Amino acid sequence: MRYCTGAELVRVHADDPDQGPSGQVTYAFTDHVQRVYGELFRVDADTGAIYLKTVLDYEKSANYYLTVTATDLGTPPSLPVTAKVPYHCFTSCSCPSTYLYILFFSRSDG
C-alpha cells in the first residue's frame, strides 16, 4: 500500500511559559524510534510535525508508535517530556490527512 512521501501525518505541540530561549521548544524522536523508524518518518525540530519519508508497506506493518521528546532551549535545558504518538496505516491509497494532536507530555526520568 502506498502513501504520499513527504506528507505531514501528525503534529505534536508542547508549551513552555518561560521567556526567551527557555521558552522555545524543540522536538525529536527518541534514540530508539530514530534507530528503528528513522528511515520511514522524520519529525521537524521546530514545529513538531511528523512527516512520512518513504513508502509504507501496509502488509509489512500497519501500526507504528513514535515517541517524541520536547525540550526547551534554556541553559541548562529542562528535562525532556515525551509523548507516544500512535500511527495506523489505513488501506486507502490516497495521501493521509494531517491531524493536529495536542498531547499531554509526561515528564521523563532520564
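The values are calculated or read from the model by the stated rules, or taken from the named source; none is laboratory data. Note that the structure is predicted; figures quoted are calculated from it, not measured. Note that each Cβ is placed from the backbone with ideal geometry, even for glycine, and that neighbours are counted across all protein chains shown.
How many residues, within the stretch 68-90, are modelled with pLDDT of 80 or more, outside any strand (DSSP E or B) and among the hydrophobic types (A, V, I, L, M, F, W, C)?
Result for the stretch 68-90: 1.
In this structure, does Asp46 turn out to be among the charged types (D, E, K, R) and touching a residue at least 60 places away in the same chain (Cβ under 8 Å)?
no
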